[in-house]
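Colleague: Just passing along the structure, written as structure tokens.
The values are calculated or read from the model by the stated rules, or taken from the named source; none is laboratory data. Nothing here was measured: the structure is a model prediction, and the numbers come from that model. Protein only, heavy atoms only, side chains kept; ligands, DNA and RNA dropped before computing areas. Shrake-Rupley method; radii C 1.70, N 1.55, O 1.52, S 1.80 Å.
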Amino acid sequence: MVAFGHTAAGTIVGVITYQYLGSGDLTTGLLAAGITGVASHYIGDSMPHGHFFKSSEFRDKILLILAVDVIVPVIFLLGTAFYTQKSYIEILYIIFGISGAQLPDVLDSLIKLGVIKSNKFFDNEMRFHHWTHWHGTGDKALMFSFGDIWQILLFVLAVLVLIKS
Ligand SMILES: [Zn+2]
Ligand SMILES: [Zn+2]
């Protein structure tokens, strides 16, 4: 999925894990939100989806993508959480859900940019990550098109979950 799709899924994960675990131990709850967020990434990637750029354009477009696809949607959803007067604990759950949901792509990006070195664990993660992306990876990845309306609807759903919960 594009980053805003993962952010939307992570937000919904944060709200739901908070509803189930919010009254219990904070560390356990945040860990659960983070891990479920990571799981939501692989599930999201396994649905055929388009992207805003080809993997060969990654280096040229990374800053634009970071701003438009990552930072703006994250600020918008966290802003909605503040605006709808979620507790600080629930907002922490949402932040952990979003962070988990972004983690596989963040890892992928940092390795591609050479910021961190790959190792056996990361290699295996990358293989699994690309396997969930069965509909095409690298330069064969699908481009964002009308069929990606569901990624936008998922974002709308995240906003509704925040407003209605
Ligand atoms: Zn993808
Ligand atoms: Zn991914």
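Colleague: Top mean-square fluctuation among V115, V72, V15, Gaussian network model of the chain, C-alpha springs under 10 Å?
Modeller: V115
Colleague: Relative to the longest principal axis of the chain, what angle (0 to 90°, nearest 10) does the C-alpha long axis of helix 149-164 take?
Modeller: It is inclined by approximately 20 degrees.
Colleague: Percent of accessible area on the chain owned by carbon and sulfur, 1.4 Å probe? If you can, show how the numbers build up before the last one.
Modeller: Details: 6710 of 9260 Å².
Carbon and sulfur together cover 72 percent of it.
Colleague: Follow-up. For the cross-link pairs K54/K112; K61/K86; K61/K164, which exceed 25 Å when the distance is taken from alpha carbon to alpha carbon?
Modeller: Working: K54/K112 14 Å; K61/K86 34 Å; K61/K164 35 Å.
Too far apart for the 25 Å limit: K61/K86; K61/K164.
Colleague: Roll a 1.4 Å probe over the protein chains and send me the accessible area per residue for the chain in Å².
Modeller: Working: 9260 Å² over 165 residues.
Roughly 56 Å² per residue, with all protein chains present.
Colleague: For the stretch 12-99, what is the convex hull (Cα atoms) projected area averaged across all directions, in square nanometres?
Modeller: Values: hull surface 26.2 nm².
Taking a quarter of the hull surface, the average projection is 6.6 nm².
Colleague: To the nearest 500 deg cm²/dmol, what mean residue ellipticity at 222 nm is calculated for the chain from DSSP H runs of n ≥ 4 alone, each contributing -39,500 (n - 2.57), summed and divided by the residues? Write out the running numbers ahead of the final one.
Modeller: Numbers: 7 runs with 114 residues, N = 165.
Helix-only estimate at 222 nm: -23000 deg cm²/dmol.
Colleague: Let me understand the chain better: what is its radius of gyration from the alpha carbons, and its Dmax, in angstrom?
Modeller: 15.8, 46
Colleague: What is the angle, in °, between the Cα long axis of helix 120-132 and the longest principal axis of the Cα atoms in the chain? Nearest 10 is fine, range 0 to 90.
Modeller: The helix 120-132 is inclined about 90 degrees to the chain.
Colleague: Over the chain, with a Gaussian network built from C-alpha contacts below 10 Å, which listed residue (T80, T132, T28) shows the highest mean-square fluctuation?
Modeller: Maximum fluctuation in the GNM of the chain, among the listed residues, is at T28.
Colleague: Which of these, L154, L30, L113, has the largest mean-square fluctuation under a Gaussian network model of the chain (Cα springs below 10 Å)?
Modeller: Answer for the Gaussian network model of the chain: L113.
Colleague: Also: How high is the relative contact order of the chain, in percent, counting Cα pairs under 8 Å that sit 6 or more residues apart? List each step's numbers first, then the result.
Modeller: On the way: 217 pairs, mean separation 73.9, N = 165.
Across the chain, relative contact order equals 45 percent.
Colleague: On C-alpha positions alone, give me the angle between the axis of helix 72-83 and the longest principal axis of the chain, in degrees, nearest 10.
Modeller: The angle comes out at about 0 degrees.
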